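Okay, so here's the structure we're looking at.
The values are calculated or read from the model by the stated rules, or taken from the named source; none is laboratory data. Here the structure is a predicted model, which is why all the values come from computation and not from measurement. Glycine gets a Cβ as well: all are built from the backbone with ideal geometry, and neighbour counts include every protein chain shown.
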Amino acid sequence: MGLFTPDDPSYDESVRQTGFNRYKQLISFHWTDWAKVNFLTILGALPLAFAVSASIVASSVAVLLPASIVGGVIFGPFLAGLYDAIYRGLRDAPGKWWPAWKKSWRQNWKDSLLPGALTGLFLGVFSFMTALFWWAQVPPSAGTVALYLFSGFLFLLLSTLYWPQLVLFRQTAAGRLRNIILFTSKYLWRVLGVVALQAAYWAIYILFAPFTLVLVPFLGFWYITFLAQLLLYSRLDLELQIEKLLEEKEHP
C-alpha cells in the first residue's frame, strides 16, 4: 500500500480498507502471487489457444469442436486455480500461494472439467466466427453481429458469477445457475457494468494484437479477474455469506 500512498498517515495495513483504498491494499499485498498464478493459467490456456488457432488455419469445424473441448478440459482446473487465488486475497485468507494453488487443484479439478470444456467450446466457436466475419466477402447482417455480441456478453456474465461459486462452495450446477439468475436480477446494472468492463479489456487485447501480447505475462488473466470480482465481492458476500460460511467450515 505504501508503494501507492507513501504519505498517507491514516493507513493501517492490518485493517481492511474500503473503496479505492481496498483496491490499492489488495494490489499491494497480492499482485506478485497473482502474477505467478497468472503465469500458470497462461500455461493451462496454451493447448486451447493452439487448438483454436490450428482449427482456424485449417478452416475446419471438424477439428475445431473436439480440439476446443479437449483444450477447455485442460484449461478448466487452471482457471479454477486463478479464481481461488483471487478469492483467497479478497477474503484475506492466510497462507502461501503455492500450497493454496495445489489445494485448489485437488479440490476443484473434477468440478472444473465440464465448465472448462464448455468454456473451451464457446471460445473456439466464437473465435472461428470472428475469423468467418473477417474472411466473408459480404458483411454480416446487423442481426447476426448483434447475436454474436450478445452471446459473448452472456458468456462473460455466466463465467463471472459461475467460477467463484465453483471454487468456494460444493453445490450443483443447477444451484449455481439459479444463484446467477437471482444475483443478476437483484444487481443488474452492477453486473452489466462489470461484464462491459471485461468485454472492453479483452477487446483492447484483440484489437491491438500482437502489441498487447507483451502485457499478457504481467496482466493477462489475473488483473481483469481481480478487478471484476472486487467490484462484485461485497454484494456476493452479502448474498452468499462467503466469509461467514467459510469461517464456519474452517473453524466449526
Practice task
Determine whether Val194 is assigned to a helix (DSSP H, G or I), surrounded by 13 or more Cβ atoms within 10 Å (Cβ to Cβ) and among the hydrophobic types (A, V, I, L, M, F, W, C).
Solution key: yes
Handout entry: Single residue of segment 204-244 satisfying the filter (closer than 25 Å to Arg190 by Cβ and among the aromatic types (Phe, Trp, Tyr)) that is surrounded by the most Cβ atoms within 10 Å (Cβ to Cβ)
Key = Phe226
Exercise for the section: Determine if segment 213-234 includes at least one residue that is under 19 Å from Leu123 (Cα atoms), outside any helix (DSSP H, G or I), in contact (Cβ under 8 Å) with a residue 12 or more places away in the chain and hydrophobic (A, V, I, L, M, F, W, C). Expected result: yes
Practice task
Would you mention how many residues in segment 70-95 are at negative phi and out of contact with any helix residue (DSSP H, G or I) (no Cβ under 8 Å at 6 or more places or on another chain)?
Solution key: 1
Exercise for the section: Scan segment 90-109 and report the pairs whose first residue is within 22 Å of Phe75 (Cβ to Cβ) and whose second residue is of a type in the set (D, E, K, R), with Cβ atoms within less than 6 Å and a gap of 6+ or a chain change. Expected result: Trp97/Asp33; Ala100/Arg88; Ser104/Asp84
Problem - Filtered residues of segment 54-69 (kept if of a type in the set (Val, Ile, Thr), in contact (Cβ under 8 Å) with a residue 24 or more places away in the chain and either assigned to a loop (DSSP other than H, G, I, E, B) or buried (at least 16 other Cβ atoms within 10 Å of the Cβ) (or both)) - result: Ile56, Ile69
Practice task
Could you figure out which of (1) within 21 Å of His30 (Cβ to Cβ); (2) in contact (Cβ under 8 Å) with a residue 40 or more places away in the chain; (3) surrounded by fewer than 13 Cβ atoms within 10 Å (Cβ to Cβ); (4) not hydrophobic (A, V, I, L, M, F, W, C) isn't true of Glu247?
Solution key: (2)
Exercise for the section: Quick one: Pro94 ticks every box in (1) out of contact with any Asp or Glu (no Cβ under 7 Å at 6 or more places or on another chain); (2) in a helix (DSSP H, G or I) except a single one, so which number is it? Expected result: (2)
Fill in the blank from the handout: Only one of (1) part of a helix (DSSP H, G or I); (2) over 18 Å from Tyr87 (Cβ atoms); (3) without any contact (Cβ under 8 Å) to a residue 40 or more places away in the chain does not apply to Ala209, and that is (1)
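Out of all the residues in segment 176-183, is one or more charged (D, E, K, R), farther than 25 Å from Gly124 by Cα, surrounded by 12 or more Cβ atoms within 10 Å (Cβ to Cβ) and modelled with pLDDT of 95 or more? Give the steps one after another, and end with the answer.
Residues of segment 176-183 charged (D, E, K, R): 176, 178.
Checking the rest, the ones that are also farther than 25 Å from Gly124 by Cα come to 178.
When the remaining residues are screened for being surrounded by 12 or more Cβ atoms within 10 Å (Cβ to Cβ), the result is 178.
If we keep only those that are modelled with pLDDT of 95 or more too, we end up with 178.
Yes, segment 176-183 contains at least one residue that is charged (D, E, K, R), farther than 25 Å from Gly124 by Cα, surrounded by 12 or more Cβ atoms within 10 Å (Cβ to Cβ) and modelled with pLDDT of 95 or more.
Can we say Pro47 is surrounded by fewer than 22 Cβ atoms within 10 Å (Cβ to Cβ) and either touching a residue at least 40 places away in the same chain (Cβ under 8 Å) or not in a helix (DSSP H, G or I) (or both)?
Numbers: surrounded by fewer than 22 Cβ atoms within 10 Å (Cβ to Cβ): yes; either touching a residue at least 40 places away in the same chain (Cβ under 8 Å) or not in a helix (DSSP H, G or I) (or both): no.
Considered against the rule, which asks whether it is surrounded by fewer than 22 Cβ atoms within 10 Å (Cβ to Cβ) and either touching a residue at least 40 places away in the same chain (Cβ under 8 Å) or not in a helix (DSSP H, G or I) (or both), Pro47 comes out as no.
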